[in-house]
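The values are calculated or read from the model by the stated rules, or taken from the named source; none is laboratory data. For clarity, every value in this text was computed on a predicted model and none was experimentally measured. Note: ideal-geometry Cβ built from the backbone for every residue, glycine included; neighbour counts use all protein chains shown. These accessible areas exclude ligands, DNA and RNA; they are computed on the full protein's heavy atoms, side chains included. Shrake-Rupley method; radii C 1.70, N 1.55, O 1.52, S 1.80 Å.
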Amino acid sequence: MSSDLALAIGIQFLESGKAFILSMAQDYLSLKKTDGSDSRGEHQLCYRAIGTRTLYTYIVATSHGPLIFEVQAAGSFLSTTPPETDQPYQHQRTRGATSLSLSLHAHRSKHQAMAAPKKTMRALQYDKYGGGAEGLKHVDVPVPSPNKGEVLLKLEAASINPIDWKIQKGMVRPFLPRKFPFIPVGDMSGEVVELGSGVTNFKPGDKVISISFATGGGLAEYAVAPASLTVARPPEVSAAEGASLPTAASTALQQLKAAGVSSFDGGSGSVADNNGPKNVLVTAASGGVGHYAVQLAKLAGLHVTATCGAHNLGFVAGLGADEVLDYKTPEGATLRSPSGTKYDAVVHCATGTPWSVFAPVLADRATVVDVTPGIAAAAKSFLQKVTFAKKRLVPLVLIPKKEEMEWLVDMTRQGKLKTVIDSRYPLSRAQEAWAKSMEGHATGKIVVEMGGAE
Ligand SMILES: NC(=O)c1ccc[n+]([C@@H]2O[C@H](COP(=O)([O-])OP(=O)(O)OC[C@H]3O[C@@H](n4cnc5c(N)ncnc54)[C@H](OP(=O)(O)O)[C@@H]3O)[C@@H](O)[C@H]2O)c1
């Protein structure tokens, strides 16, 4: 395809009669208006586009809301928004140019899927610390606008993590929330509807997942999210699965990495190839973080011992755990592996386990990665560090990373990492989801779906 290939795009609006190009994803593209009416005398705008790249994205404003479509210079439509149109276009080649004609009149109802964001949206917010699920209030508030480096998402799903209600409890005050009222929940999936300045790697219509627990926003119809922590969601990964991954799966991954696991290729060679741990204990393996940790540890080829309640023994074994302990039994409380295996690493997702319980079940050189360390654990960790102890407790706070989120999405796409959903709630019942998370007995993830059945 030559660089001077020209595109003439005719856009027919049988009723609206008004259209204009709002913006283009590629600013090197030049457009020239070439016509003003179609053969039936109805309003038609034709533009001649000359560019050097193959893919052009157009956002066209109509009286039915913005329409987004992509044109390949070779002359084929890659997609229109909405993508499922009956006969969305006809195109003919002319010498040195490709002419495309898009008929929009038959599909107006579908266009609403990409209509401009409403001015207000439904959301749940709290305006002070404490209050639990009852502290969340249903409100109609303005749809936020994306700032520089942000994207505005029309949300499809959000997942609740303990950090969300811990912020409400004031456990990370004065840092979070940054201000009241606050729309909570940082893990979300949705569709990009607007780009803040400087965002070039997404376009309206992209399905994505994102994390922004500092700014929250997930319990709403729309939310802004940092583009730097937003990744594409392929069709194989559902919105609920995608919303479940950012905090819980990233934490599990970072815990394993902090314990020295460096390869997750699933082969037995992954362990032999490195000096990382071979035997791992995952505590609270039935929870959001734990159920991912078991699967990731198996992808790394590790021998996994896991703890959970009696009702989840089969579930956790089904995730791949080699040995499973009921944490409420006296044996389970000791964390001793039935086979006598000593642990090189502990992915510690439960709370309140003193070092004296870990010490006897650890190998000579071992790392316990703790995501909820108390003051005693933090002090123990410091002491171990300065004395170069071989058995170490390492506190971990998740630092979300885009490349890890992309990898987790890809593992999900390939079917290597499964998300187990404990329960789903529509936005109108998000308080129930919140209360369920606060009870601390979820098996897998708790998801709020914006389009969920009431
Ligand atoms: N530091 C960080 O950056 C970070 C990041 C993510 C999460 N976290 C923390 O990690 C913890 C786990 O998060 P999560 O999302 O996995 O929570 P979750 O989904 O709410 O965990 C609930 C599960 O944990 C099980 N459980 C509770 N206590 C247990 C115990 N002593 N032994 C074995 N299983 C137990 C429960 O089983 P039963 O129903 O049988 O009781 C339930 O299945 C939370 O405290 C969270 O705040 C920290």
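Observations on the model:
- Answer residue from the stretch 283-315, given it is aliphatic (A, V, I, L, M) and more than 9 Å from the ligand (Cβ to nearest atom) and is surrounded by the fewest Cβ atoms within 10 Å (Cβ to Cβ) among those: L313
- Every residue from the stretch 187-205 that is outside any loop (DSSP other than H, G, I, E, B) and either open to solvent by less than 50 Å² (accessible area, probe 1.4 Å) or hydroxyl-bearing (S, T, Y) (or both): D187, M188, S189, G190, E191, V192, V193
- Any hit, the stretch 378-385, residues being within 16 Å of the ligand (Cβ to nearest atom), at pLDDT 95 or above and open to solvent by 40 Å² or more (accessible area, probe 1.4 Å): no
- Test result for P184, assigned to a loop (DSSP other than H, G, I, E, B), within 16 Å of the ligand (Cβ to nearest atom) and touching a residue at least 40 places away in the same chain (Cβ under 8 Å): yes
- Test: residue in the stretch 400-420 that is in a strand (DSSP E or B), within 16 Å of the ligand (Cβ to nearest atom) and open to solvent by less than 20 Å² (accessible area, probe 1.4 Å): no
- Residue check: K166 meets all listed conditions (1) within 16 Å of the ligand (Cβ to nearest atom); (2) open to solvent by 20 Å² or more (accessible area, probe 1.4 Å); (3) in contact (Cβ under 8 Å) with a residue 60 or more places away in the chain but one, namely (3).
- Taking residues in the stretch 306-329 that are more than 19 Å from G340 (Cα to Cα), and partners anywhere that are more than 9 Å from the ligand (Cβ to nearest atom) and assigned to a strand (DSSP E or B), the pairs with Cβ atoms closer than 6 Å and at least 6 places apart or on different chains are V316/V324.
- In the stretch 355-377, the residues that are within 17 Å of Q255 (Cα to Cα) and either away from the ligand (no atom under 15 Å from the Cβ) or loosely packed, with under 13 Cβ neighbours inside 10 Å (or both): L362, R365, A366, T367
- Some residue of the stretch 142-163 being part of a loop (DSSP other than H, G, I, E, B) and in contact with a Lys or Arg (Cβ under 7 Å, 6 or more places away or on another chain): yes
- Out of V237, V208, V231, sole residue that is open to solvent by less than 10 Å² (accessible area, probe 1.4 Å) and assigned to a loop (DSSP other than H, G, I, E, B): V237
- Selected residue (criterion: nearest to M450 (Cα to Cα)) from residues of the stretch 240-257 that are away from the ligand (no atom under 11 Å from the Cβ) and surrounded by fewer than 24 Cβ atoms within 10 Å (Cβ to Cβ): A240
- Of the residues making up the stretch 316-339, those that are within 9 Å of the ligand (Cβ to nearest atom) and open to solvent by 60 Å² or more (accessible area, probe 1.4 Å) number 2.
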